[in-house]
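Asker: Quick one: the structure is below, and I'll ask about it shortly.
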Amino acid sequence: MRLHNLIRVLFIVLIPPLTATADSPNPPQAGFNLAGSDEQAMVIADATMAAMGGRAAWDNTRHITWRFFGNRLHVWDKFTGDHRFEFKDLTVLSNLNDGTGHAWRDGVEITDPAELAEAISSAKGAWINDSYWLVMPYKLKDSGVTLKYAGVQEDPSGNRCDVLQLTFQEVGRTPDNKYHVFVDQGSQLVSHWLFWRNFDDADARDLGPWTDWQRHGDILLASGRGKGRGHTGIAVFDKLPASVYRDPAAFDLSSFR
């Protein structure tokens, strides 16, 4: 699946997040286009965050793991940027913030500098795409985002939804992307999304539904993406041993629950 070639980078991992307070339960991140965004759209984004567990719960969630559409494995430490990536014969243990790390192919460490750099870059590129497909609803007020209200529509399942439009300002690898995110008026959870490679393109790509919302730790995450597809192995941990991010040897995450 080459969906990662189409999806933008939204995460700015080097900027510390603004944290929730009693007076501001879901503050926009530094660089969010507050002046250019709609008040109604931001109110809906805040309601979505609350429905998923709240900003404080998201900020306090540390380790997240999942298999993107049942394939690529990610284990991500949100606090430190440490990241474990496994796909086919490649294992990469790196830090998303500073780009350092090690990689192995078929169990043999990659020592050639150019090949190692490519492996680390490939792992980060996969994380950029795959994490957005998992946690996009938590990123509606991220740095570089302009959030607009696009009206009320029914999603393909017939749910009445408020539609949010996301465009981007000089962030990520594909800043010309545009999304329409459907927020179910009943549950306040994302139920569907559409994608434009360039914000002024006439036709959108239907990226499908968001279904099977389940609680993981203190937050909700959706595994289903339509037509029997979806992410597998979703889990949240408060603590994981350092070896998960340092030792390429196989392990069973279920033993850490």
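Asker: I'm checking my understanding of the structure. Among residues of segment 109-123 that are not small (Gly, Ala, Ser) and not in a loop (DSSP other than H, G, I, E, B), which one is nearest to Trp76 (Cα to Cα)?
Answerer: Ile120
Asker: Does segment 22-49 hold any residues that are hydrophobic (A, V, I, L, M, F, W, C), in a loop (DSSP other than H, G, I, E, B) and within 13 Å of Lys139 (Cα to Cα), and which are they?
Answerer: Passing the criteria: Ala30, Phe32.
Asker: Can you tell me which of (1) touching a strand residue (DSSP E or B) at 6+ places or on another chain (Cβ under 6 Å); (2) surrounded by fewer than 20 Cβ atoms within 10 Å (Cβ to Cβ); (3) not in a strand (DSSP E or B) is the one Ser187 doesn't meet?
Answerer: Only one criterion in (1) touching a strand residue (DSSP E or B) at 6+ places or on another chain (Cβ under 6 Å); (2) surrounded by fewer than 20 Cβ atoms within 10 Å (Cβ to Cβ); (3) not in a strand (DSSP E or B) is unmet by Ser187, namely (1).
Asker: Give segment 143-164 a look and list any residue that's within 16 Å of Ala35 (Cβ to Cβ) and either out of contact with any Asp or Glu (no Cβ under 7 Å at 6 or more places or on another chain) or modelled with pLDDT of 95 or more (or both), or say none.
Answerer: Matches in segment 143-164: Ser143, Val145, Thr146, Leu147, Lys148, Tyr149.
Asker: In segment 74-108, what residues are surrounded by fewer than 19 Cβ atoms within 10 Å (Cβ to Cβ), touching a residue at least 60 places away in the same chain (Cβ under 8 Å) and assigned to a strand (DSSP E or B)?
Answerer: Hits for segment 74-108 are His102, Trp104.
The values are calculated or read from the model by the stated rules, or taken from the named source; none is laboratory data. Because the structure is predicted, anything quoted here is derived from the model rather than measured. Neighbour counts are summed over all protein chains in view; Cβ atoms, including those assigned to glycine, are modelled from backbone coordinates with ideal geometry.
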